[in-house]
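Take a look at the structure set out below.
The values are calculated or read from the model by the stated rules, or taken from the named source; none is laboratory data. Keep in mind it's a predicted model, so treat the numbers as computed, not measured. Cβ sites come from the backbone with ideal geometry, for glycine too, and all protein chains shown count toward neighbours.
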Amino acid sequence: MKELESIAQHMNRRRFLSQTSLGLGAAALSTLLGGGVRAGTPDPHLGILGNPHFLPKAKRIIYLFQSGGPSQLETFDYKPKLEHMHGEELPDSVRKGQRLTGMSADQSSLPLAGSHFTFAQHGQTGSWVSELMPHTAKIVDELCFIRSMHTDAINHDPAITFFQTGSQQPGRPSIGAWLSYGLGSDNENLPAFIVLVSKNAGGQPLYARLWGNGFLPSMHQGVQFRSGKDPVLFLKNPEGFDHHDRRQMLDYLGKLHKLQFDTLGDPEITSRIAQYEMAYRMQTSVPEVMDLSNEPDWVFDLYGPDARDPGTYAANCLLARRLAERDVKFIQLYHQGWDQHGNLPAGIQNQCNATDQASAALVMDLKQRGLLEDTLVVWGGEFGRTNYSQGKLTKNDYGRDHHPRCFTMWMAGGGVKKGFTYGETDELGYNIIKDPVHVHDFQATLLYLLGIDHERLTFKHQGRRYRLTDVHGHIVKSIIA
C-alpha cells in the first residue's frame, strides 16, 4: 500500500485530466474486472477500429520474408539480353549515375552477369521461372508476381526496417503490430501477431524490433515462436507452481494493476495485464499448435524432408498453416541467407533448395483446405540484386550487389489476381519501365486487402499522427481480384 500511496502523491491537475480523458479505457477495464475473458484483461478480439473500414478480401497474412535480398535475375525476372551481353560493361545510359554501395562503387569495371541458371515458361499463364524454383513453377497460376518493386534503402538493416515498419529508422511499429492494433485478434488464446525465424540459416542479423510494437501499446508486438522445449520464452510456470497457482497470482495482480490504472490512467497498464492473461491461455494453446503428431505423412512429404525438423523453414511453413487455421492475424516467417555478394550460383542454389518446396507447399496446402481464399501469402526480400557482377566475373562464378531500383515479389490468395504479372523492368533488369510499386504502395495494398484504409489507421505520438505508410502510398488496384 505504501507504493500505491507514493504513486498517488505524484498526481497533479494535468495527470488528473489525462486520466479522465482515458475514461473509456478505465470503464472498459472496470467492466472486464467484473467479467469478460478474465478479470483485468482487455477484450483480445477488439482492435481500435472496431470493424474494418470496408469489406476485407483477406482475414490473415502469412509473410515469407527472404532476408538478404534474393536475386530477381536468378529466380523470376528472365533477361535473355543480359545473358547475351554477359561480360560487357554496364552502359552509362542504363545506370544513369545511380548510387552504388561501398562494396562495388570503387570497382574499375562493372561487367554484366547473365544468370547461370536456365529459365522456362510454366502454367497456363506461361510465367518465366528459373530452374532453381521447380516447385514454385508448378503453382504459377496461383501467383501474382510484382516485378517492379523498388525501395529507398540500399543497405540491409534500413531496408528490412523500411519494409517491416514503413521507416528506415528504428522505433516505428511493425506491420503485424499495426494490424493487431487496428483489427485485434480472431483467437483469444493465441497472439494476433506471431513470428517464426528459420534456425541456422546464417546471413544478415535480425532484430526483435523488426516485429516490435514501436510506440503502440506493447500488447501488439510480435511473439516469436521457437523450436525446442520452450517455444515461447518464459511461458512455463516456475518450478513448484502449477496452473492453479498461476491463476490465483494473476487474479491478485490484476487487482493491483487496476488500482495503479485508477491512479495513473496509463494505458500501458492494461496492455501489461492483457499480456499476462494471454501468456496464461497460451500455456494450453501453444503446446497444442506446436504438436505435429497428428499431421499425416503426406503433409510432411508435401512440405519436404526438412518439415520434420522443428525450426527449419519447411517446418515453419507447416506451422504457419496451423496458425492460419487457428485464425492468427499476421504470421511472419524470416529466412536469412540470401545475401550473395560472391559465390552466387552455389549460394542461391542452397537457398532455393531450402525454401522452394515448402513455399509452394504452403500455397497448395492452404488451397486444398479452403484457406487460401482469405489468406494472403507474400514472398519477397528487402531489395534486389545488381545485373553486374560484384567482384571478379568468371565463367561459373560471380556475385551481385544490393539493388534497390527493381526487384520481384509474389503474392497468392487473399484477394489478389491469380496467374498475373504486374510491372516490368528494362531488358537488362536494372530499371523499372512500367508500373513501379514502392514499399509504401505495397504496405497500403496489404492493409487494403484486410479492409483498412492506410490513411485512416493512425496513432498520435509526440504531437502528430503516424501511420504505417507515413507519409505516402497508393493501393495497387490492378493486382486486386
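Details
Yes/no per residue for (1) in a loop (DSSP other than H, G, I, E, B); (2) over 17 Å from the mean Cα position of the chain (by Cα); (3) farther than 30 Å from GLY50 by Cα:
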{"position": "MET364", "(1), (2), (3)": "no, yes, yes"}
{"position": "LYS367", "(1), (2), (3)": "no, yes, no"}
{"position": "GLY370", "(1), (2), (3)": "yes, yes, no"}
{"position": "LYS392", "(1), (2), (3)": "yes, yes, yes"}
{"position": "THR421", "(1), (2), (3)": "no, yes, yes"}
{"position": "ILE433", "(1), (2), (3)": "no, yes, yes"}
{"position": "PHE442", "(1), (2), (3)": "no, no, no"}
{"position": "THR445", "(1), (2), (3)": "no, no, no"}
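- When ASP306, ASP356, ASP301 are screened for being among the acidic types (Asp, Glu), outside any loop (DSSP other than H, G, I, E, B), touching a His at 6+ places or on another chain (Cβ under 7 Å) and over 27 Å from SER104 (Cα atoms), only ASP356 passes.
- Subset tally (residues that are of a type outside the set (D, E, K, R) and not in a helix (DSSP H, G or I)) for region 279-298: 4
- Residue in region 336-347 that is closer than 19 Å to GLU131 by Cα, of a type in the set (Gly, Ala, Ser) and outside any helix (DSSP H, G or I) present: no
- Residue in region 393-402 that is free of Cβ contacts under 8 Å to residues at least 12 places away in the same chain and hydroxyl-bearing (Ser, Thr, Tyr) present: yes
- Any chance LEU323 is among the aliphatic types (A, V, I, L, M), under 22 Å from TYR181 (Cα atoms) and part of a helix (DSSP H, G or I): yes
- Any chance SER180 is of a type in the set (Ser, Thr, Tyr) and farther than 26 Å from ALA360 by Cβ: yes
- Any hit, region 48-55, residues being outside any loop (DSSP other than H, G, I, E, B), at pLDDT 95 or above and within 30 Å of PRO217 (Cβ to Cβ): no
- Put simply, of GLU288, GLU295 the only residue that is more than 30 Å from LEU46 (Cα to Cα) and without any contact (Cβ under 8 Å) to a residue 24 or more places away in the chain is GLU295.
- Qualifying positions in region 205-238 - surrounded by fewer than 16 Cβ atoms within 10 Å (Cβ to Cβ) and among the basic types (Lys, Arg): LYS229, LYS236
- From the options TYR334, TYR313, TYR280, TYR303, residue that is of a type in the set (Phe, Trp, Tyr) and at pLDDT below 95: TYR280
- Criterion (surrounded by fewer than 21 Cβ atoms within 10 Å (Cβ to Cβ) and either within 21 Å of PHE117 (Cβ to Cβ) or touching a residue at least 40 places away in the same chain (Cβ under 8 Å) (or both)) met by exactly one of LEU90, LEU82, LEU73: LEU90
- Output for region 401-419, where each listed residue is within 18 Å of LYS477 (Cα to Cα) and either buried (at least 23 other Cβ atoms within 10 Å of the Cβ) or within 21 Å of the chain's Cα centre (by Cα) (or both): THR408, MET409, TRP410, MET411, ALA412, GLY413, GLY414, GLY415, VAL416, LYS417
- Among the residues of region 447-481, those identified as outside any loop (DSSP other than H, G, I, E, B) and either hydrophobic (A, V, I, L, M, F, W, C) or in contact with a helix residue (DSSP H, G or I) (Cβ under 7 Å, 6 or more places away or on another chain) (or both) are LEU447, LEU449, PHE459, ILE479, ILE480.
- Residues within region 366-400 that are crowded, with 22+ Cβ neighbours inside 10 Å and of a type in the set (D, E, K, R), tallied: 3
- Test result for PHE241, loosely packed, with under 15 Cβ neighbours inside 10 Å and over 30 Å from PHE330 (Cβ atoms): yes
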